[in-house]
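For reference, the structure discussed in these notes is given below.
The values are calculated or read from the model by the stated rules, or taken from the named source; none is laboratory data. All of these numbers come straight from a predicted model, not from anything done at the bench. Every residue, glycine among them, receives a Cβ derived from its backbone with ideal geometry; neighbour counts consider all protein chains shown.
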Amino acid sequence: MAAVIDTGVIQTAIGSFALGIDRLRRVESAFLYDLEGGVSGDDQSSLKMLPSYIDLPTGREEGDALALDFGGTNVRARLYHLENGTASIIGEAARPLRETDRENNICRDYTTAETSSEELFDFIADIVKEAVGGNTRKNYRLGWTFSFPARQERLDHAELITWAKEISVPGVEGQDVVRLLREALDRCGLKNVTVKAVINDTIATLIAAAYSDDKVTAATIYGTGHNTGCREMYAGESGRLAQLINLESGGFSKLMQTAYDAEVDDRSERPGTQLLEKMVSGRYLGELFTNVVSAAVRGEPGEVPPDLESRLCFTAVDMSRLLAARTAPEQFDVLAAKLAPVLGNGFSLGRAEIAALKGLAEAICRRSARLVAATLSAVIKHNSVAGEIKPQTIAFDGSVYANMPGVAPAVRWAMDELLGEDGKKIELRSLMEGSGFGAAIAALM
Ligand code: GLC
């Protein structure tokens, strides 16, 4: 005998990920309710709605600026030259926060509780140094995209509220991350770099998109993590200046979880937080898929290892390969690459099982897209003055939106379902790398 996949378990899971229009509308209204609560400071709202102390650019910002992007997977620093509304990159360095080199046996991970805050910030400062070619004399303005919830009182100051996306480096929460970066830049001799702005990646994407499109009202990050930022529409009424607001929408919590979602949450660094993010973003989609597959594996004790889930470990990239594979043999290869080393080559995976697993990947991604669409439809409704929805653009950055087969069309479809005729007024625009570029513009504003 060999281990098999019980397709009945997969079909039931697929059913539990379905999100019909009625449930979608309920998500949209619950999100709208929290948006309104967030504006009026209601502490029952699950949206943090953090002010960013910056407004949209004019499109006339010019000069050289460094953009540092730190968000969870890679750290990237780029030196941009902005002139006449166009940008060129004149220096660049990037490195992943986690890296395993099997040949040389080097394993580096700057995301865990074993990393000190100094080590993390020295690693970041080194990347900045590489991007400026080691130049410690010329003066540079730096804009920093810091993609975590941060409390700000001004543009060049940001206190990390909590880590997200499974980062757990101690000694950073509650601290001003600009000070920590400043100290690391000093340690590596970069006294010539001035941190002018620190912004969330949603805000950076909003700024980058608005540099060339005056209809942009919101920006969504839909990749490793998920979040949306938008321009505050009611500022005038309260006498404050209009500014861009980071919703921290990944923290939206008024959602119905499946047992598989609850499992992802329980095993995460911070159970009970970032519930929407754990249902939609690339960091967690693979885990959801793995949980269902593991629940569906049947076999004798010797055939199924007890730590099946941690050994299977499907990622969002595996899911996108599965969804992109056109023929059953290609789909088999993607699945077998993960299943065979754990279940042995003799495990059984016929056409029916392959089709069920592909259907599962589709269902998880479709739910993700529909949930994101419901929150965006709520943002549009929230920002429409007297119920009138204006023609506008929503910018997207992130690998799930850009690369996961079927996700972008599913977002569009669900938004049209929710907005009806008004859906036609909404342009959804993909803007890869927007979050880095936006920080350079912010440094020049
Ligand atoms: C997480 C962070 C948020 C960020 C998002 C996308 O949700 O809390 O600040 O915008 O990831 O990177």
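Within the stretch 381-411, the residues that satisfy the criterion of being in a helix (DSSP H, G or I), under 20 Å from the mean Cα position of the chain (by Cα) and surrounded by 16 or more Cβ atoms within 10 Å (Cβ to Cβ) are Ser399, Val400, Tyr401, Asn403, Val407, Ala408, Ala410, Val411. Scanning the stretch 51-101 for residues that are closer than 26 Å to Gln243 by Cβ, of a type in the set (Val, Ile, Thr) and more than 22 Å from the chain's Cα centre (by Cα) yields one hit, Thr58. For the stretch 137-157, the set of residues classified as in a loop (DSSP other than H, G, I, E, B) and either touching a helix residue (DSSP H, G or I) at 6+ places or on another chain (Cβ under 8 Å) or within 16 Å of the ligand (Cβ to nearest atom) (or both) consists of Ser147, Phe148, Pro149, Gln152, Leu155, Asp156, His157, listed by residue number.
Only residues that are of a type in the set (Ser, Thr, Tyr), outside any strand (DSSP E or B) and at pLDDT 95 or above were counted in the stretch 218-253, giving 2.
Mind checking which residues of the stretch 322-343 are assigned to a loop (DSSP other than H, G, I, E, B) and surrounded by 14 or more Cβ atoms within 10 Å (Cβ to Cβ)? If the condition is that a residue be assigned to a loop (DSSP other than H, G, I, E, B) and surrounded by 14 or more Cβ atoms within 10 Å (Cβ to Cβ), then Ala325 is the only one that fits. Among the candidates Val317, Val293, the residue that is among the β-branched types (Val, Ile, Thr) and under 23 Å from the mean Cα position of the chain (by Cα) is uniquely Val317.
Somewhere in the stretch 265-275, is a residue in a loop (DSSP other than H, G, I, E, B), away from the ligand (no atom under 16 Å from the Cβ) and out of contact with any Cys (no Cβ under 7 Å at 6 or more places or on another chain)? No, the conditions are met nowhere in the stretch 265-275. Annotation for the stretch 355-363: at least one member residue is over 27 Å from Ser168 (Cα atoms) and free of Cβ contacts under 8 Å to residues at least 40 places away in the same chain. The set of residues in the stretch 160-180 that are within 12 Å of the ligand (Cβ to nearest atom) and either under 9 Å from Ser117 (Cβ atoms) or among the basic types (Lys, Arg) (or both) contains only Lys165. Within the stretch 175-194, the set of residues being surrounded by fewer than 24 Cβ atoms within 10 Å (Cβ to Cβ), part of a strand (DSSP E or B) and not acidic (Asp, Glu) comprises just one member, Thr194. The criterion of at least 1 residues that are within 16 Å of the ligand (Cβ to nearest atom) and acidic (Asp, Glu) is met by the following strands (runs of 3 or more DSSP E) wholly inside the stretch 16-111: 63-70. The listed residues are Leu285, Leu308, and the only one of them that is at pLDDT 95 or above, more than 17 Å from Met256 (Cβ to Cβ), aliphatic (A, V, I, L, M) and more than 11 Å from the ligand (Cβ to nearest atom) turns out to be Leu285. The single condition among (1) without any contact (Cβ under 8 Å) to a residue 60 or more places away in the chain; (2) crowded, with 21+ Cβ neighbours inside 10 Å that Thr111 does not satisfy is (2). Of the numbered criteria (1) over 27 Å from Thr315 (Cα atoms); (2) of a type in the set (S, T, N, Q); (3) within 16 Å of the ligand (Cβ to nearest atom), the one Ser212 fails is (3).
Can you say whether Ser435 is in a helix (DSSP H, G or I), within 16 Å of the ligand (Cβ to nearest atom) and either at pLDDT 95 or above or in contact with a strand residue (DSSP E or B) (Cβ under 8 Å, 6 or more places away or on another chain) (or both), as far as the supplied structure shows? Judged against the criteria, Ser435 is a match.
For the stretch 268-311, filtered to residues that are aliphatic (A, V, I, L, M) and farther than 26 Å from Gly71 by Cα, the residue that is surrounded by the most Cβ atoms within 10 Å (Cβ to Cβ) is Val292.
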